[in-house]
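Below you'll find the structure, written out as structure tokens, and then a few comments.
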Amino acid sequence: MLKSPDVSPRQLLTQQLQAFARLSEEDLRLAEDHWTLRSIPRNEFFNFRNSVCQYIGFIVRGLFRVYYVDPATDMEHNVAFVPEGTFLTSLKSLVTQEVCPYYIAALEDSELLVISVGQLHKLYDQSHGWERFGRLLAEQYLVLYQAKGEATLFQTVEQRYLDLLVQFPNITNRVSLGHIASYLGIQGPSLSRIRARLGKRKQG
């Protein structure tokens, strides 16, 4: 979802909340003072490893990656890419209020509207619509991460790369091939061979 110059961040948030969780005008009114606009420059963090996640963000503009660092090798491993128009959080840490094992960093200069977990819990007490939002968000995260795990088990790397291109059609213009290779769990040269093979098929 690209930000239109005619649509404000809060209008984009309202549209997404209504589409995602069917929130009513009253639900939206209850929360209108709880969302805060936040800018995160490229390579800066939404959340750090070993910190407790306190916020849910709605990405108005930009792109984030979720990753962990292998303590044995100091290598970074990308877990997910999260684009504009999407809700961003470390859900397990947010729900349990235990430390998060991942970093969440901006790949581009980004803009979000954020709400704290404390404010969200107050909304749960006030509104069934906001309770529905929380349930749907948890279900969405469960499905996404289970689907990624199953893809690793049952699909080839080439199939997973093609699925990524379907999910994010312009990702190769926004994310380095090194980051994409990390997400797929392979080295850069292997990704280059896959891309070359797919290019030959397309030409044929």
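The values are calculated or read from the model by the stated rules, or taken from the named source; none is laboratory data. A quick note: this is a predicted structure, and the numbers were derived from the prediction, not measured. Here Cβ is always computed from backbone atoms with ideal geometry, including for glycine, and neighbour counts include all displayed protein chains.
Looking at region 68-86 only, could you name the residues that are touching a residue at least 60 places away in the same chain (Cβ under 8 Å) and within 16 Å of Cys100 (Cβ to Cβ)?
Of everything in region 68-86, those that are touching a residue at least 60 places away in the same chain (Cβ under 8 Å) and within 16 Å of Cys100 (Cβ to Cβ) turn out to be Glu76, His77, Asn78, Val79, Ala80.
Could you list, in sequence order, the residues of region 24-68 that are assigned to a strand (DSSP E or B), over 22 Å from Gly178 (Cβ atoms) and over 14 Å from the mean Cα position of the chain (by Cα)?
If the condition is that a residue be assigned to a strand (DSSP E or B), over 22 Å from Gly178 (Cβ atoms) and over 14 Å from the mean Cα position of the chain (by Cα), then Thr36, Leu37, Arg38, Ser39, Val52 are the ones that fit.
Residue-wise test of (1) over 22 Å from Ser90 (Cα atoms); (2) touching a helix residue (DSSP H, G or I) at 6+ places or on another chain (Cβ under 9 Å); (3) not assigned by TED's automatic domain parsing to the domain that holds Tyr103.
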residue	(1), (2), (3)
Leu23	yes, yes, no
Leu30	yes, yes, no
Ser39	no, no, no
Phe46	no, no, no
Gly57	no, no, no
Tyr67	no, yes, no
Pro71	no, no, no
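Restricting region 15-68 to residues that are among the hydroxyl-bearing types (Ser, Thr, Tyr) and under 22 Å from His128 (Cα atoms), which is surrounded by the fewest Cβ atoms within 10 Å (Cβ to Cβ)?
Only one residue fits best here, namely Ser24.
When you look at Leu63, is it touching a Gly at 6+ places or on another chain (Cβ under 8 Å) and not aromatic (Phe, Trp, Tyr), yes or no?
no
Could you list, in sequence order, all residues of region 132-170 that are within 19 Å of Ile194 (Cα to Cα) and aromatic (Phe, Trp, Tyr)?
Within region 132-170, Phe154, Tyr161, Phe168 qualify.
Which condition breaks for Lys3 when tested against (1) at pLDDT below 95; (2) of a type in the set (Lys, Arg); (3) under 21 Å from Tyr141 (Cβ atoms)?
(3)
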